[in-house]
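The values are calculated or read from the model by the stated rules, or taken from the named source; none is laboratory data. Computed from a predicted structure; not experimentally measured. Here Cβ is always computed from backbone atoms with ideal geometry, including for glycine, and neighbour counts include all displayed protein chains.
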């Protein structure tokens, strides 16, 4: 009887997936998202609700800062002509120290996006400026590690996801980021997020992000080519697509210098 | 033989050239509000073209504007705008190169200095194409023939940056003159030559969430002063030469993010080193200008910028006039250079509404209002409708108000409602 129970216990231990703590899973997620550098072509499609469909194309550069945690990101728009040569520079830093600068070619001037507006719309899309920056693990408390079927319809049904809740360590950050809580589904194969739910400051679910078309861009690091952000309150949605990924060609650090914004041609 | 050889040498570089170009085709019709839109204020239209070519590490920029303008009310030297004129101007045609800490550029260039919104007293090098009654900054900014060297230490990574500018041919701002101001007896001569050297040194510090710059400028006033050229007694008339007076300027800019709002401040002290006793309304036209305020966004859709505006002549003494003609010229310049009061105080409000759900429309309201003794204003409401990604329709107004003594008030007759279209490519 004792032998039987030991065999049963061992079988159960082998069959069950490895159970990680929520913080461990998010560390793995951070490692999977880590890019030293990446250049890509992009397209942002704004649609749904009562809006007129709009499509904007851009080139996107991202580079990891020397601290190995934060990124510098530059987005330069090409079409339509109304936004041609507009550029947005994200210089990530801890908490509210992140800087966002916009180059407005018509005025030949740089505009600082105030910190409190980092929850504002990124180029009139359903992504906010803070959604474009990388998720900073040190800003959140993570909880939960329940295994569920990955919710994204394009993800294979056999794939399991960890369901994790992220709450802000500093409630004041909710104003800046525009949400109070995140619900993340993290794939158990590559630890990239499958879906993210965003809850507003009142705790109500208002946005849903589905990420698909994963490309491996380095050893153990991945990148989503297709991001679909849906506003659940008004039916509007935005699709962000990336192509021509290039992680090999060196991006000069000068690309992200504030002083060069708009002048680096 | 040398030329074909040179061409062959350059061929690989030319083959790798990346050319990027774009532009804007526009047309506008403005009607006078005073006569219930029955009279024309202005018809304008044209083509704006720009291109950037990159060959290896060298970049070439071009920006040109060709336009037609018919405006019965405005007087401009050597041009008859009452029956329409076609004008072509080059804003930019320059070549530049970045290497390490250094960046150099030379040729016809445009600049846009100043952190304030709408009024920029430190934009020392820029002249404005004011005869085009437009709200589009890109179409009204003029270029100058210059050379520029910029030094940013640490290969460009330093927050410090220093620029040195030398201008060989300066730009001009059109003074808005109408028949009422000139009493029909003034003829404008060609402006004085623009080949006068200008120098500017600009130091910038870009901190985290804030930026400061200081500029020293030694050049000319872009807005001309009218100096008597000659006069005839029968019939009585006199000819004036638009003259750009020499001046030195010190300018500072500060912009800072205070989490919930952005503060912008811009101030300039301009010391006029060239004074015209028989043209200037005051004996010492050195002045101080300040524009500063806060900018804030609300709910993604609204952006408000409120700025205080102050202009002050520290030494304000009315110049004596030898005769009535001199007195007339001084009065005209009092209007053109806003020398009518020692201190003018007001505000500049810029409001922008871009609804996220109706992403085809945009509303912008700019209101420059001087109060206290002056009490005059310029209100420019603007409504944009995006028909396609490239085609935009526009309804706008230019509403001047105030007394005849105030520059904005004296332009009351120009108050207009406009309709326009522009196609960007």
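Data for the structure
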| read-out | value |
| --- | --- |
| Sole residue being under 17 Å from the mean Cα position of the chain (by Cα) and under 22 Å from residue B:21 (Cβ atoms), chosen from B:65, B:131 | B:65 |
| Which listed residue, of B:150, B:164, B:248, is under 20 Å from residue B:110 (Cβ atoms), at pLDDT 90 or above, touching a strand residue (DSSP E or B) at 6+ places or on another chain (Cβ under 8 Å) and surrounded by fewer than 20 Cβ atoms within 10 Å (Cβ to Cβ) | B:164 |
| Residue match in region A:159-174 (condition: within 14 Å of chain B (Cβ to nearest Cβ) and closer than 26 Å to residue A:45 by Cβ) | no |
| Subset tally (residues that are more than 14 Å from every other protein chain (Cβ to nearest Cβ) and part of a strand (DSSP E or B)) for region B:359-381 | 13 |
| Members of region B:172-206 found to be without any contact (Cβ under 8 Å) to a residue 60 or more places away in the chain, touching a strand residue (DSSP E or B) at 6+ places or on another chain (Cβ under 7 Å) and either more than 17 Å from residue B:329 (Cβ to Cβ) or buried (at least 21 other Cβ atoms within 10 Å of the Cβ) (or both), listed by number | B:173, B:194, B:195, B:196, B:197, B:199, B:201, B:203, B:204, B:205 |
| Filter result for residue B:388 (more than 30 Å from residue B:284 (Cβ to Cβ) and in a strand (DSSP E or B)) | no |
| Filter pass, residue A:125 being surrounded by 20 or more Cβ atoms within 10 Å (Cβ to Cβ) and either within 9 Å of chain B (Cβ to nearest Cβ) or modelled with pLDDT under 90 (or both) | no |
| Failed condition for residue A:139, given (1) away from chain B (no Cβ under 13 Å); (2) in contact (Cβ under 8 Å) with a residue 60 or more places away in the chain; (3) surrounded by fewer than 20 Cβ atoms within 10 Å (Cβ to Cβ) | (2) |
| Meets criteria (at the interface with chain B (Cβ under 9 Å from one of its Cβ atoms) and either in a loop (DSSP other than H, G, I, E, B) or more than 30 Å from residue B:126 (Cβ to Cβ) (or both)) for residue A:67 | no |
| Selection count, region A:101-115, where residues are buried (at least 19 other Cβ atoms within 10 Å of the Cβ) and in contact with a helix residue (DSSP H, G or I) (Cβ under 9 Å, 6 or more places away or on another chain) | 4 |
| Within region A:197-220, tally of residues that are in contact with a helix residue (DSSP H, G or I) (Cβ under 9 Å, 6 or more places away or on another chain) and either closer than 25 Å to residue A:64 by Cα or part of a strand (DSSP E or B) (or both) | 4 |
| Region A:70-97 - residue that is more than 8 Å from chain B (Cβ to nearest Cβ) and at pLDDT below 90 and, of those, surrounded by the most Cβ atoms within 10 Å (Cβ to Cβ) | A:95 |
| Residue, nearest to residue B:272 (Cα to Cα), within region B:207-222, restricted to residues that are more than 14 Å from chain A (Cβ to nearest Cβ) and surrounded by fewer than 19 Cβ atoms within 10 Å (Cβ to Cβ) | B:218 |
| Which listed residue is in contact with a helix residue (DSSP H, G or I) (Cβ under 8 Å, 6 or more places away or on another chain), at pLDDT below 90 and part of a strand (DSSP E or B), from A:145, A:170 | A:145 |
| Residue in region B:97-109 that is under 29 Å from residue B:268 (Cα atoms), facing chain A (nearest Cβ under 10 Å) and in contact with a strand residue (DSSP E or B) (Cβ under 9 Å, 6 or more places away or on another chain) present | yes |
| Number of the condition not met by residue B:35 [criteria: (1) more than 14 Å from every other protein chain (Cβ to nearest Cβ); (2) part of a loop (DSSP other than H, G, I, E, B); (3) touching a residue at least 12 places away in the same chain (Cβ under 8 Å)] | (3) |
| Filter result for residue B:405 (assigned to a loop (DSSP other than H, G, I, E, B) and either without any contact (Cβ under 8 Å) to a residue 12 or more places away in the chain or touching a strand residue (DSSP E or B) at 6+ places or on another chain (Cβ under 8 Å) (or both)) | no |
| Single match in B:334, B:287 (criterion: buried (at least 20 other Cβ atoms within 10 Å of the Cβ) and more than 14 Å from chain A (Cβ to nearest Cβ)) | B:287 |
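This table checks each residue for (1) over 18 Å from the mean Cα position of the chain (by Cα); (2) within 30 Å of residue A:122 (Cα to Cα); (3) part of a strand (DSSP E or B).
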{"position": "B:219", "(1), (2), (3)": "no, no, yes"}
{"position": "B:227", "(1), (2), (3)": "yes, no, yes"}
{"position": "B:256", "(1), (2), (3)": "yes, yes, yes"}
{"position": "B:259", "(1), (2), (3)": "yes, yes, no"}
{"position": "B:278", "(1), (2), (3)": "yes, no, no"}
{"position": "B:295", "(1), (2), (3)": "yes, yes, yes"}
{"position": "B:309", "(1), (2), (3)": "no, no, yes"}
